[in-house]
1. So His146 passes all but one of these: (1) surrounded by 15 or more Cβ atoms within 10 Å (Cβ to Cβ); (2) farther than 12 Å from Val234 by Cβ. Which condition number does it fail?
2. Does region 258-269 include one or more residues that are closer than 30 Å to Ile164 by Cβ and surrounded by fewer than 21 Cβ atoms within 10 Å (Cβ to Cβ)?
3. When you go through Arg151, Arg126, Arg108, Arg103 one by one, which is the residue that is charged (D, E, K, R) and either surrounded by 17 or more Cβ atoms within 10 Å (Cβ to Cβ) or under 14 Å from the mean Cα position of the chain (by Cα) (or both)?
4. Yes or no: Glu110 acidic (Asp, Glu), farther than 29 Å from Leu259 by Cα and out of contact with any strand residue (DSSP E or B) (no Cβ under 9 Å at 6 or more places or on another chain)?
5. Look through region 126-173, keep the residues that are among the polar types (S, T, N, Q) and in contact with a strand residue (DSSP E or B) (Cβ under 6 Å, 6 or more places away or on another chain), and return whichever of them is nearest to Lys189 (Cα to Cα).
6. Considering only region 235-250, state which residues are over 18 Å from Ala150 (Cβ atoms) and touching a Leu at 6+ places or on another chain (Cβ under 6 Å).
7. Considering only residues that are of a type in the set (A, V, I, L, M, F, W, C) and assigned to a loop (DSSP other than H, G, I, E, B), look in region 133-160 and name the one that is nearest to Glu82 (Cα to Cα).
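The values are calculated or read from the model by the stated rules, or taken from the named source; none is laboratory data. As the structure is a prediction and not an experimental result, all values here were calculated from the model. Don't worry about glycine lacking a Cβ; one is built from the backbone with ideal geometry, like all the others, and counts go over all protein chains shown.
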Amino acid sequence: MTGFTRRPLCIVVVSACLLAAAGCQRLAEQEPAIWEQAKIADLAPVTEGGPPQARFHAAVHMDVHSLEMPAEDVDRLDTVWEVLTAKPMRMNSYNAFSENGFRVKFGRTENWLQIQSLLTEAGAQRTATTSLILAEKDVTDLPVAHLPEARRIAFVSSNLSQDIVNVGPGALVLRLTCEPMPWARGVRKIIAYPAYTLPVTSAIRELEIRVQKHDFPFASAAFATQMGPGDLLVLGPEKYSRERISLGGLFFNKPEGSLFFQPASRKPPRHKPAVRVFVLVCTNVRD
């Protein structure tokens, strides 16, 4: 599995909400879009009669470990949550985030071996590790679930109302972006939220923009925190719901299941319904 990068469409829509304290208002109350604030002169390189100079944009390097564990053992994630903390985390709405079936906590790589051990004891198996580069003023998508046909996705909005969105064939992704922290170097605000999107392979910018108009960000399940090298997040399901109609069910549940090995018990591998768990590790921040 590999990440793929998009141009800004929804960065400000979500990040504006997350600049306030927990429980901020819905997306309608936000700052003007960044392209409305920018001036043409701000975008032009200063050449002073010579060729344009190469510019290296600030970025966050992140490894995302994707795991699967038996759905019947999802309660065993409690041992993992206990060694992590929720204090640095910010959400648009803590209640909506939980009602959508999401849970996320913060930790440090000093505890990585312990976290790995607890995940293994819970039956989790790593399926992939994806290296991502989160550039400022850009978005990076981590593919989570393929949606082969049109469907409805039920979700809880930021005001806790039950909503439904109709989408076509596409993909459910974890969309990530980073923002600078003016008072600190080597640290960035990481913003993440699930989104429906259409994978784009065209190099033509105009076509890409047209396709992006069909994207749907689930802002009520957005979360953010400050991260530097050595910080990590564990993102997993609040519980196992046995369905793939809701946002949380689509994002975490894998009812078709996976083959799980049981080396400790010496029992033969068994095919079981599964849930997805993600560990996001910040490996470097380039100022």
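1. All conditions pass for His146, except number (1).
2. Taking region 258-269 as the starting set, the residues that turn out to be closer than 30 Å to Ile164 by Cβ are 258.
Next, from what is left, pick out any that are surrounded by fewer than 21 Cβ atoms within 10 Å (Cβ to Cβ): 258.
Checking region 258-269: at least one residue is closer than 30 Å to Ile164 by Cβ and surrounded by fewer than 21 Cβ atoms within 10 Å (Cβ to Cβ).
3. Working: Arg151 fails: either surrounded by 17 or more Cβ atoms within 10 Å (Cβ to Cβ) or under 14 Å from the mean Cα position of the chain (by Cα) (or both); Arg126 fails: either surrounded by 17 or more Cβ atoms within 10 Å (Cβ to Cβ) or under 14 Å from the mean Cα position of the chain (by Cα) (or both); Arg108 fails: either surrounded by 17 or more Cβ atoms within 10 Å (Cβ to Cβ) or under 14 Å from the mean Cα position of the chain (by Cα) (or both).
Within the list Arg151, Arg126, Arg108, Arg103, the selection yields Arg103.
4. Working: acidic (Asp, Glu): yes; farther than 29 Å from Leu259 by Cα: yes; out of contact with any strand residue (DSSP E or B) (no Cβ under 9 Å at 6 or more places or on another chain): yes.
When the stated conditions are applied, Glu110 passes them.
5. Keep residues of region 126-173 that are among the polar types (S, T, N, Q), which gives 127, 129-131, 140, 157-159, 161-162, 166.
Narrowing further to those that are in contact with a strand residue (DSSP E or B) (Cβ under 6 Å, 6 or more places away or on another chain): 127, 129-131, 140, 157, 166.
Details: Thr127: 27, Thr129: 22, Thr130: 20, Ser131: 18, Thr140: 14, Ser157: 23, Asn166: 31 Å.
The qualifying residue nearest to Lys189 (Cα to Cα) is Thr140.
6. Passing the criteria: only Gly236.
7. So in region 133-160, the residues of a type in the set (A, V, I, L, M, F, W, C) come out as 133-135, 139, 142, 144-145, 147, 150, 153-156, 160.
Add one more test, that the residue is assigned to a loop (DSSP other than H, G, I, E, B), and what stays is 150, 160.
Values: Ala150: 39, Leu160: 27 Å.
Among those residues, the one meeting the criterion is Leu160.
Here is a yes/no grid of residues against (1) of a type in the set (A, V, I, L, M); (2) modelled with pLDDT under 95:
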position	(1), (2)
Val139	yes, yes
Ala150	yes, yes
Asp215	no, yes
Ser220	no, no
